[in-house]
1. Can you spot a residue in the range A:125-135 that is at pLDDT 95 or above, among the small types (Gly, Ala, Ser) and under 30 Å from B:Glu71 (Cβ atoms)?
2. Go through the range B:227-248 and give me each residue that's under 15 Å from B:Leu151 (Cβ atoms) and outside any loop (DSSP other than H, G, I, E, B).
3. From B:Phe93, B:Phe61, B:Phe118, B:Phe67, which residue is more than 14 Å from chain A (Cβ to nearest Cβ), over 24 Å from B:Gln154 (Cβ atoms) and either free of Cβ contacts under 8 Å to residues at least 60 places away in the same chain or more than 22 Å from the chain's Cα centre (by Cα) (or both)?
4. Strands (runs of 3 or more DSSP E) wholly in the range C:100-153 with at least 2 residues that are in contact (Cβ under 8 Å) with a residue 40 or more places away in the chain, more than 25 Å from A:Met327 (Cβ to Cβ) and of a type outside the set (S, T, N, Q) - which ones?
5. Is there a residue being in contact with a Cys (Cβ under 9 Å, 6 or more places away or on another chain) and away from chain C (no Cβ under 13 Å) anywhere in the range A:329-348?
6. Could you please let me know if B:Thr439 is over 30 Å from B:Leu147 (Cβ atoms) and either within 21 Å of the chain's Cα centre (by Cα) or surrounded by fewer than 18 Cβ atoms within 10 Å (Cβ to Cβ) (or both)?
7. Residue check: is B:Pro513 in contact with a His (Cβ under 9 Å, 6 or more places away or on another chain) and touching a residue at least 24 places away in the same chain (Cβ under 8 Å)?
8. Condition first: under 30 Å from A:Ala263 (Cβ atoms) and among the polar types (S, T, N, Q). Can you find one or more residues in the range A:75-86 that meet it?
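The values are calculated or read from the model by the stated rules, or taken from the named source; none is laboratory data. It should be emphasised that the depicted structure is a prediction, and the values quoted were computed from it without experimental measurement. Here the Cβ positions follow ideal geometry from the backbone for every residue, glycine too, while neighbour counts run over all protein chains shown.
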Amino acid sequence: MIRKAPHLLAIAALVSFCRLTRAQSGANFQPPKTQIAHQIYDLHFFVQAICVGICVVIFAVLLYAIARFRKSSRRTAMQFTGYKPVEIAWVIVPVLILLVIAIPATHAVFAMKDTSNSDITVKITGYQWQWRYDYLQEDIGFYSALSTPRAQIENREAKEENYLLEVDHPLVVPVGKKIRILVTANDVIHSWFVPAFGVKQDAIPGFIRDAWFRVDEPGVYRGQCAELCGKEHGFMPIVVNAVSEREFSAWIADQHAAKQIAAQGADAAGAKTYSLEELKSGGEKIYTHNCIACHQPNGQGLPPAFPALANGKTATGPVAGTIHIVMNGSSKNPAMAAWKGQLSDLELASVITFVRNSFGNSAGDLVEPKDIATARQNP
Amino acid sequence: MNTIQEMAVSPVDEPVEERRGIMRWLTSTNHKEIGTLYLIFSFAMFLVGGSMALCIRAELFRPGLQFLRPELFNQLTTMHGLIMVFGAVMPAFVGFANWQLPMMIGASDMAFPRLNNFGFWLLPPAAILLMGSFFAPGGATAAGWTLYAPLSVQMGPGMDMAIFAIHLLGISSIVGAINIATTILHRRAPGMTLMKMPMFVWTWLVTAFLLVAVMPVFASAVTMLLTDRHFGTHFFNAAGGGDPVLFQHIFWFFGHPEVYILILPAFGIISEVIPTFSRKPLFGYRSMVLATCAIGVLAFLVWGHHMFTVGFGVGPELFFMYATMLVAVPTGVKLFNWIGTMWQGSLTFEAPMLFAVGFILVFLVGGVTGVVLAVAAVDVQLQDTYYVVAHFHYTMVAGSLFSLFAATYFWLPKWTGRMYDETLARWHFGLSIVFFNMTFFVMFFLGLAGMPRRIPDYPLQFADFNMIASIGAAGFGFSQLLFLYVVVKCVRRGTQASGRVWEGAVGLEWTLPSPAPKHSFEIPPVIK
Amino acid sequence: MSIATRQRRVFLILIAVAASMFGFGYVLPPLYARVCQLTGFNQLQSADSVSGSARPDADRTVLMQFDSNLRDGLPWNFRATQATAPVHPGQLVQVSYEVSNNSDHAISGQAIASYAPAGAAAYVRKLECFCFSIQTFAAHEVRQMPVIFLIDSSLPRDVSTVTLSYTFFEVPGRQAPAKENTT
């Protein structure tokens, strides 16, 4: 048994290696769903096989040397200090191996960078801490934020299957079409990363950078932000819904219709009068979704970076001040985003009313959507 | 031509009455004492940085946020990196340089002993600034040790404290490097030509040049960051005509040579240990020297491989890919030379040799994964994932740290005149290598599966490997307390060590008695 | 030369190297800007000269896309008046962007141009552009601003779509010199 041990060990290692290299294993790349991802998968397998081979050979030589040349087997040391043929060989052979790797590696770079002849262009903007997708040719745009409930993150509820990988509004693209993405950022550097597509593009504020992918088959594909961008860097995932062309056209039509309805709704909301309770209860939902990461469920915040709203200066002071900071963000503290672009008049009015009348604050006033509309006109 | 007379009585060696207590250490210009100061400082920083790592791994033990708020988590990952690189590893190598270089070249001390003192004493204030930044409003900087703009421009006053600490650390490194380079170039004993120097001396010579060349670039990068933050410049702000990517170029122009600064002295140490325990001279000395210089030169040409996803055109992407792959060649030469040294030798496996052989095994893994990352298209999948974290921990922990352990066990008997406890030291090795691999090998899988870096919480598919890594980290961390115990026990009550200490030891330092006298080689030996 | 002299010489040389490398760090921003200009990667902030032969290449059509970005906090609407335009290389094209200042005070801003693919920047020759200078908008002003450009016919053949994207940043406290306002 002892004598067979090395063979058994080798077999066990080989089996583990094969199992680990399967794409589903959680120890290798996720199953590739684009041509580039396939290219990368195969290229990596090739390079990794060479590397593993090199490691196995060198480990074997080293272990042999350790076993064979021990002083305890009464060895005296030879005193050679060089051997030209071998020294030349171990420069030439690695260079040849690298050349062999370089050829498919070069092809892959050319393929990755070729954004020409695309079918659809989507602009992707990284924000602290969510993404925005704009279909430039369709004039449709929306934000896409993490939708995993805070309670799951804080271990008060059981985590569900797509924990930290689910969003409210996924990116929708048609299968089989070349999608060109223009990636930029609003504030700091982010990075748009979907492993199944083999795409990772840094989002640089002030500049657009292009990349592309063509999805082979329908499905839901998930990724995460891949450049440290602040405290919620781990909480701004990416979800892409790849659908058939027909479903995509239908979705686009839906988006246009929804935009119309939202615009009408905003006008209607502007005209309507709301009660304090209505605004507070709507505002609480918005607060829970958008604000508690920093300002905490009880409004205590995490001063000084994230001020307390409970008895806070701005939250209990003149209402114009609260409206201004929620809509436009804080010039002193860049972590406080400007929400006027992301929330409707009704949503802004609700959350501001909620904050001013909760956590022990009792401003007693309410802010209506038409107040927000006015503030948009006169910032 | 210089006479021995001139060299023996150098101006800085005038007899001085021995000071005692704190003043002795504050004002020492003795390379051995300063070496000790550097090593004690670096080990203290290692424990601090290591505790931060344990906090990080504790949070990552399971999905969900258990102990740390995300912003504190980011502060810890940032400071773990800064403290380990600038507070632990670099000062440790300088400490070994201080202790060993003069003895190895037959010099009485470093070229500029008072500058040596100054260089060390910049470090404690820098460390206080760095660790103190946790208490600044908003906490320590949380922009990652790489400090990318514009995120680092957004950070609070903790960032400014870190910038000043970095300036102090940089000045310390630069003056230390100048001292080391000058010592090596002009204080060698007569007859010791460059091609007769021990490899540890050669690797430090190249490292010193790298330090002088690139630490100032890091200084200018963080100064630009400082003025962007407070004085209205816009180097890294598109609004003013700048570019955030410029920061990455400047940073990595420094940053890549920096990682070679962290590994070349390690290569030198391994090149001392392996011949000793093989009882055989180093195989391929000349090619080792050439390989070291080649690595030093190539270091300047590859910085872009940290930026493969930034949006380079095809040309730069390919250039950096090819140049990076090329670095594997001289690195491989070194590895093969070490094995060639062991080949047909007469090997024993005391603790220094265990760490040296362990170094070869794990550095090989780190090195080949570097080749994988060099392939730009593959890097697109792996950039900013745990694959990169695993790669640099394999090279820097298994690489630099293991070599520092090897060096400690190797030279401690010479310094103290006492042997360390060999059994406990072997336990230290065994525990370290097992727990190290448990912690970091699974991170390759995490990176391949798509887990990003610098996140305090993660999707469920990454849970199992994270749990394993956290357990390994706890084991690895606590095993280092054993190292502390072994060193302290050796210093206080180790058994007497001989002058030669190791049967196969060759080199000037081993011709001295153990413990080495405070002033050694006052009259330089003549080398034939 | 005595040891002390030699050591001092090495010391001074290395200090000089360290100081120059610090200076080199500061040379990098303008160097970077120059390299970007030469490789066409980042925008040129001034009008281009157009070479004599400007016969449009009617056989080739490049799709130009026009994108706009506002940094949050800028109380403007900023949009291209047309999302795309098919263009022949060599053909002079004029498009316009519209800015409306929704606030009740004057604000100045600077537009930064960015291109995808990034290398296309070298081939887009802008004769007139609001991005050349700081723009000031009075309260509630709505203004259309032209961009006049042509695509150089040496644009590589494999590029069929070029996106021109502007990001407007506020420039606090700076007023555009009156004569440079493009209207």
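1. Taking every residue of the range A:125-135 in turn, at least one turns out to be at pLDDT 95 or above, among the small types (Gly, Ala, Ser) and under 30 Å from B:Glu71 (Cβ atoms).
2. Result: B:Asp228, B:Arg229, B:Ala238, B:Pro244, B:Val245, B:Leu246, B:Phe247, B:Gln248.
3. Of B:Phe93, B:Phe61, B:Phe118, B:Phe67, the one residue that is more than 14 Å from chain A (Cβ to nearest Cβ), over 24 Å from B:Gln154 (Cβ atoms) and either free of Cβ contacts under 8 Å to residues at least 60 places away in the same chain or more than 22 Å from the chain's Cα centre (by Cα) (or both) is B:Phe118.
4. Fully inside the range C:100-153 and qualifying: C:107-116, C:124-128, C:142-151.
5. Checked the range A:329-348: no residue is in contact with a Cys (Cβ under 9 Å, 6 or more places away or on another chain) and away from chain C (no Cβ under 13 Å).
6. The answer is no for B:Thr439.
7. no
8. no
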